[in-house]
Amino acid sequence: MNRLILFVISFFLLNSFSSQSALYSSYNKKAIKLYEKAIECYQDISPFSGRGNLKGAEEYLLKSLAKDSTFSEAYILLSQVKVKMGDINSAIFYKEKMMTANPIIPLVEYFYLAGMHMAIGSYEKCLKNAVRYKNSPLADKRYIVRIDKMIENCEFAIEAIKNPVDFDPINLGSSINSELPEYFPSITADDSTFLFTRRVNDLSAPGGRQEEIFVSKKTPNNNWSNSSLVSNAINSKYNEGAPTFSPDGQYIIFVGCETGAKGDYEYGDDRKGYGSCDLFYSQNNGTNWSKPVNLGSKINSKHWETQPSFSSDGKTLYFIRGMTYDRQRRNPDNQDIYVTTISEDGQWSKPEKLPPNINSPHREESVQIHPDGKTLYFSSNGHPGMGGMDLYMSRKLDDNTWSDPINLGYPLNTFKNDISILISPKGDKGYFSSDREGGYGDLDLYSFNVDKKFKPLPITFIKGKIIDAESKLPLFAFFQLTDLKKGNIISQMQSKLENGEFLITVPKNIDFALHAEKEGYMFYSRNIYRDNLSLSKDGFLIIELEKVKPGTFILENIFFEKSKSSLKKSSLVELNKVLKLMQINPDLKIQISGHTDSDGDDDFNLELSINRAKSVVNWLIENNIDQNRLSFKGYGETRPIEENNSIANKAKNRRTELTIIE
């Protein structure tokens with residue numbers, strides 16, 4: 001049930017009977033005595049459950065109403081008891097019985113009743129009672145914001161039910177699901193490995209239960225294998241959950257929480273944190289997962305950090321932060337989506353809230369940034385919806401703003417809390433968690449076909465391998481993909497330590513530059529065109545790195561204005577790679593040479609080639625490379641690498657080269 005609605009119902013109903021007034025609606029002394037005993041039971045709070053004796057209160061109230069069937073206060077309290085028990089239908093029944101039995105009804109009762117009908121998806125009745133309350137001149141202005149929100153949701157829900165989206169959920173089966181709750185799924189870019197959280201019973205854990213991270217692999221017949229614990233290095237007897245994969249599956253970022261001893265900052269297994277729940281990461285070395293490491297104080301705080309989603313660019317992390325009262329107790333209505341990026345030196349930026357059209361004044365959670373890097377899925381109870389936590393989609397626009405969220409529609413969204421969504425890399429399939437009938441018990445994970453209106457942008461993935469050009473042995477190296485047209489970074493990450501392989505997602509129909517670097521090796525720079533992608537027999541893009549040694553290399557992505565020596569902005573990516581080469585090899589000396597095609601005057605071409613080479617050297621000097629390590633020379637049209645007999649060949653001859661001197 002929507003927690004906000006439950007809070008509103010509880011707060012107002014509690015205040016309606018807690019003042020000990022002698023002015024009851026009943027004159028039956030026995031009914032009054034039984035009612036007052038019910039109040040005592042209701043207010044006898046258990047230190048274990050945090051609730052009163054609800055069963056005892058119910059018994060006394062039923063006896064009280066048997067003595068006086070028009071006793072308004074008894075109906076009100078019995079309705080509240082049923083709310084606390086989670087039986088909203090019975091709460092409505094007793095509320096309406098009170099209204100039928102008494103001709104004079106306090107206006108606020110229509111407010112309570114509207115909230116109850118919203119909580120069970122009875123939208124027509126909710127709307128009727130909410131409008132009746134709002135239109136009354138006696139309506140309390142303090143509650144109008146809540147009433148307006150209720151009316152907005154009812155009107156949205158009524159229309160959504162009239163226009164349902166295609167939705168046919170399929171249980172993922174016993175290899176994933178169990179009689180225990182499963183939720184918070186994550187998947188690799190190639191759709192081959194599936195992560196999720198399961199709450200397990202564990203007598204050694206605080207409270208006798210805990211959350212663990214499980215993993216399943218795609219089988220040759222396209223089913224999921226029997227799930228198992230992801231790693232003993234990650235799972236402990238304390239809570240770990242809400243995992244997110246890096247696109248290639250090399251990293252897991254997950255949530256770990258304090259062990260329960262308030263103020264000790266202990267997270268189990270010698271992990272330390274900053275309070276409440278924190279984000280940790282672990283790296284796979286090919287055979288095992290590393291000991292988890294806290295992401296640090298830039299991201300984690302005394303508040304509640306959870307539900308991370310790692311972008312396919314390898315540098316952007318979205319997550320949920322819930323503000324806490326005292327590091328242990330969260331405020332569920334102060335929970336927002338944040339984003340942070342990691343720089344090349346491994347430092348995370350200060351997290352920033354997403355804008356107000358995404359983060360509402362209420363609750364956001366279950367965030368996923370799709371591998372397309374543009375489409376955001378999340379749940380919220382602050383946008384127009386079906387009344388509980390609904391699922392939404394927003395898209396990042398060309399100006400880096402976010403579109404207004406779109407509700408994913410009925411029946412994917414209902415009056416219940418709909419959370420824990422994951423959209424597959426291909427965008428055709430979604431996953432979510434539900435306790436609907438027909439499952440294996442409690443929350444199960446389901447798949448469904450994504451309605452075309454809510455699909456992300458099309459992407460594809462590329463498998464690659466970085467190797468030594470001479471020995472052909474795999475290399476652990478850093479690489480980066482950049483959109484050739486826009487100049488923005490599509491992805492950056494490292495190849496696998498054990499085999500040099502990598503897995504990346506890229507938007508379809510995008511041409512990009514690939515740069516790879518490793519200390520002791522020449523930087524690698526290559527333009528990759530999607531309609532002319534060359535792969536090995538086993539489907540890998542092979543990247544061969546040359547060891548640093550004397551030789552000449554073409555800088556393919558250095559561009560100049562036509563017939564000028566001024567560098568184009570699109571050259572910055574390549575220039576920064578040359579800069580990086582000089583920085584990681586501090587003894588290296590190079591010469592930059594310029595070349596032209598045969599068009600135009602020979603002397604002009606020679607001068608142009610000299611000035612273009614000089615422009616590159618000057619840029620490096622301006623970026624703190626010692627000028628004693630640099631030289632330049634222009635050759636004009638005297639050293640063509642192709643005959644100047646076609647446009648394509650002339651383009652190859654117009655080039656900038658880097659020569660390693662020593």
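The values are calculated or read from the model by the stated rules, or taken from the named source; none is laboratory data. Quick caveat: nothing in here was measured; it's all calculated off a predicted structure. Backbone-built Cβ (ideal geometry, glycine too); neighbour counts: all protein chains shown. These accessible areas exclude ligands, DNA and RNA; they are computed on the full protein's heavy atoms, side chains included. Shrake-Rupley method; radii C 1.70, N 1.55, O 1.52, S 1.80 Å.
Working only within segment 250-264, note down all residues that are in contact with a strand residue (DSSP E or B) (Cβ under 6 Å, 6 or more places away or on another chain) and without any contact (Cβ under 8 Å) to a residue 12 or more places away in the chain.
Selection gives nothing.
Here is a yes/no grid of residues against (1) among the aliphatic types (A, V, I, L, M); (2) under 20 Å from the mean Cα position of the chain (by Cα):
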position: Q250; (1), (2): no, yes
position: F254; (1), (2): no, yes
position: Y265; (1), (2): no, no
position: G273; (1), (2): no, no
position: Q283; (1), (2): no, yes
position: I299; (1), (2): yes, yes
position: P308; (1), (2): no, yes
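Every condition in (1) farther than 23 Å from T341 by Cα; (2) open to solvent by less than 20 Å² (accessible area, probe 1.4 Å) holds for L503 except the one numbered (1). Which residues, taken from segment 205-229, are free of Cβ contacts under 8 Å to residues at least 24 places away in the same chain and of a type in the set (S, T, Y)? Hits for segment 205-229 are T219, S228. Just a yes or no: is a residue in segment 596-605 within 17 Å of F553 (Cα to Cα), of a type outside the set (D, E, K, R) and touching an Asp or Glu at 6+ places or on another chain (Cβ under 8 Å)? Yes, the conditions are met somewhere in segment 596-605.
Any idea which residue in segment 196-211 is farthest from S312 (Cα to Cα), counting only those that are touching a Gly at 6+ places or on another chain (Cβ under 6 Å) and open to solvent by 10 Å² or more (accessible area, probe 1.4 Å)? Within segment 196-211, the match that is farthest from S312 (Cα to Cα) is P206. For segment 599-621, the set of residues classified as in contact with a Lys or Arg (Cβ under 9 Å, 6 or more places away or on another chain), touching a residue at least 40 places away in the same chain (Cβ under 8 Å) and crowded, with 16+ Cβ neighbours inside 10 Å consists of L608, N611, R612, A613, L620, listed by residue number. The set of residues in segment 344-368 being surrounded by 19 or more Cβ atoms within 10 Å (Cβ to Cβ), out of contact with any Lys or Arg (no Cβ under 9 Å at 6 or more places or on another chain) and closer than 16 Å to K315 by Cα consists of Q368 alone.
The C-beta contact set for segment 276-305 (first residue over 22 Å from Q250 (Cβ atoms), second residue aromatic (F, W, Y) and open to solvent by 40 Å² or more (accessible area, probe 1.4 Å), distance under 8 angstrom, 6+ apart or interchain) comprises S297/Y274; S301/Y274; K302/Y274. Assessment of segment 381-398 against the conditions (open to solvent by 10 Å² or more (accessible area, probe 1.4 Å) and among the aromatic types (F, W, Y)) yields no matching residue.
Got a number for residues in segment 158-195 being of a type in the set (S, T, N, Q), assigned to a loop (DSSP other than H, G, I, E, B) and surrounded by 16 or more Cβ atoms within 10 Å (Cβ to Cβ)? Of the residues in that region, 3 qualify. Among the residues making up segment 212-226, those that are at negative phi and open to solvent by 30 Å² or more (accessible area, probe 1.4 Å) are K217, K218, T219, P220, N221, N223, W224, S225, N226.
Can you pull out every residue in segment 327-347 that is of a type in the set (D, E) and either in a strand (DSSP E or B) or at pLDDT 90 or above (or both)? Within segment 327-347, D333, D336 qualify.
List the helices (runs of 4 or more DSSP H) inside segment 543-654, counting only whole elements, that have at least 2 residues being under 23 Å from E517 (Cα atoms).
Hits in segment 543-654: 572-584, 602-622.
For segment 626-643, residues that are closer than 18 Å to K562 by Cα and either of a type outside the set (S, T, Y) or open to solvent by 70 Å² or more (accessible area, probe 1.4 Å) (or both) total 3. Whether a residue is open to solvent by 10 Å² or more (accessible area, probe 1.4 Å), touching a Ser or Thr at 6+ places or on another chain (Cβ under 9 Å), charged (D, E, K, R) and under 23 Å from D168 (Cα atoms) was assessed, and D404 does not pass this test.
Do you know which of the residues in segment 510-532 that are touching a residue at least 24 places away in the same chain (Cβ under 8 Å) and part of a loop (DSSP other than H, G, I, E, B) is nearest to the chain's Cα centre (by Cα)? Filtering first and then ranking leaves I510. Take the conditions (1) under 18 Å from V165 (Cα atoms); (2) touching a residue at least 40 places away in the same chain (Cβ under 8 Å); (3) of a type outside the set (S, T, N, Q); G439 misses just one of them, which is (1).
Taken over segment 533-576, residues that are surrounded by 16 or more Cβ atoms within 10 Å (Cβ to Cβ), over 20 Å from K652 (Cβ atoms) and over 39 Å from the mean Cα position of the chain (by Cα) amount to 1. Inspect segment 203-218 for any residue being over 30 Å from N488 (Cβ atoms), acidic (D, E), within 23 Å of the chain's Cα centre (by Cα) and not in a strand (DSSP E or B) and give the result as yes or no. Within segment 203-218, not a single residue is over 30 Å from N488 (Cβ atoms), acidic (D, E), within 23 Å of the chain's Cα centre (by Cα) and not in a strand (DSSP E or B). Residues in segment 108-157 that are of a type in the set (V, I, T), over 29 Å from the mean Cα position of the chain (by Cα) and open to solvent by 10 Å² or more (accessible area, probe 1.4 Å): V108, V131, I144, V145, I151.
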